[in-house]
Amino acid sequence: MEERRLADWGQVRLDHEFARARQTIYRRGERSEDMIVICEGWAFRFMQLADGRRQILSILLTGDHVTALAPFQESFNFSVQALTDVRFCRISREGVKARLAQQPRLIAELAEFLIVEKKDADEQLFDLGKRMADERIAGLILRLMDRLDLRGEIHDQSFPFPLRQQHIADITGLTPVHVSRVIGGFRKRGLFEITGGVVTMRNLPGLRRVAGLA
């Protein structure tokens, strides 16, 4: 999927790079002349306080732009870290702007990313403000499942899930201990299992009810 999207940019310069898990791909406030796209693997956007407390803003999967605002800004208020080993590419911002002028259909694709980015941000804000711990975690897993389903990465109700309890805590605004307790409760209720970085869904309707999506 990501290769098709990158091919749409025609002669725009593509610089491919590789990052190991936990390696920083972009640091908050850095000036960049490029738009970054995840070509393979998982990464995440985050903001961090001086004492180390961190809020993960979004999970980036294969084919995702780090941000759809990249063609219009030189720096951002977040950082990006590889969650797994990641292959990513840098696309020249000026080249992107030129292609947007030449092919208006690409504007629609970029607008789609902007809409998804805004929708995800609103959903997370609602999670942190109003949803209970079990609702937050159930919703996170279901949203990731839906995104992976679009990429054809779900097999026999199982899908990759490299997030650790600390990642889930940093997304949902909970402590790792609280996350462990909630996930343990889900397992006992027969909703899903997490083993070796893979989620196996056992009761999808039940998990949707927990998340308030049934």
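The values are calculated or read from the model by the stated rules, or taken from the named source; none is laboratory data. Keep in mind that this is a model prediction, so the values were computed, not measured. Glycine gets a Cβ as well: all are built from the backbone with ideal geometry, and neighbour counts include every protein chain shown. These area figures cover heavy atoms from the full protein model, side chains too; ligands, DNA and RNA do not enter into them. Shrake-Rupley method; radii C 1.70, N 1.55, O 1.52, S 1.80 Å.
Worth pointing out:
- For the chain, diffusion coefficient by Stokes-Einstein and Kirkwood Rh (Cα), 25 °C, 0.890 mPa s, µm²/s: 134 µm²/s
- Using C-alpha pairs under 8 Å with a sequence gap of at least 6, the mean separation divided by the residue count of segment 28-70 gives a relative contact order of 46 percent.
- Mean Cα-pair separation over length for segment 166-213, i.e. relative contact order, pairs under 8 Å, 6 or more apart, %: 19 percent
- The lysines within cross-link reach of Lys130, meaning a Cα-to-Cα straight distance under 21 Å and a gap of 8 or more places when in the same chain, are Lys118, Lys119.
- Largest to smallest accessible area among Ile154, Ile194, Ile38, Ile115 [probe 1.4 Å]: Ile115, Ile194, Ile154, Ile38
- Additional length obtainable on full extension of the chain from Glu153 to Lys119, 0.36 nm per residue less Cα span: 10.0 nm
- The chain: relative contact order in percent, alpha carbon pairs under 8 Å with at least 6 residues between: 20 percent
- Euclidean distance of C-alpha centroids, segment 139-183 and segment 9-86, integer Å: 20 Å
- Label-to-label distance, Lys97 versus Phe72, with points set 7 angstrom from Cα along the beta-carbon direction: 1.3 nm.
- Cα lying deepest toward the dipole's positive end in segment 6-141, options Leu128, Ala138, Ala98, charges on Cβ: Leu128
- Accessible area (Å², 1.4 Å probe, nearest 10) - Lys97: 90 Å²
- Among the trypsin sites (Lys or Arg not before Pro) in segment 45-75, those placed in a DSSP loop whose Cβ has at most 11 other Cβ atoms within 10 Å are Arg53.
- Kirkwood hydrodynamic radius computed over segment 60-132 comes to 14.3 Å, based on all pairs of distinct alpha carbons.
- When segment 65-105 is reduced to its Cα atoms, the Kirkwood hydrodynamic radius in Å: 12.1 Å
- The chain - percent of accessible surface contributed by carbon and sulfur, probe 1.4 Å: 51 percent
- At R0 = 45 Å, FRET efficiency that the Cβ-Cβ distance of Arg22 and Ala108 yields, to 0.05: 0.80
- Surface per residue (accessible, 1.4 Å probe) for the chain, Å²: 53 Å²
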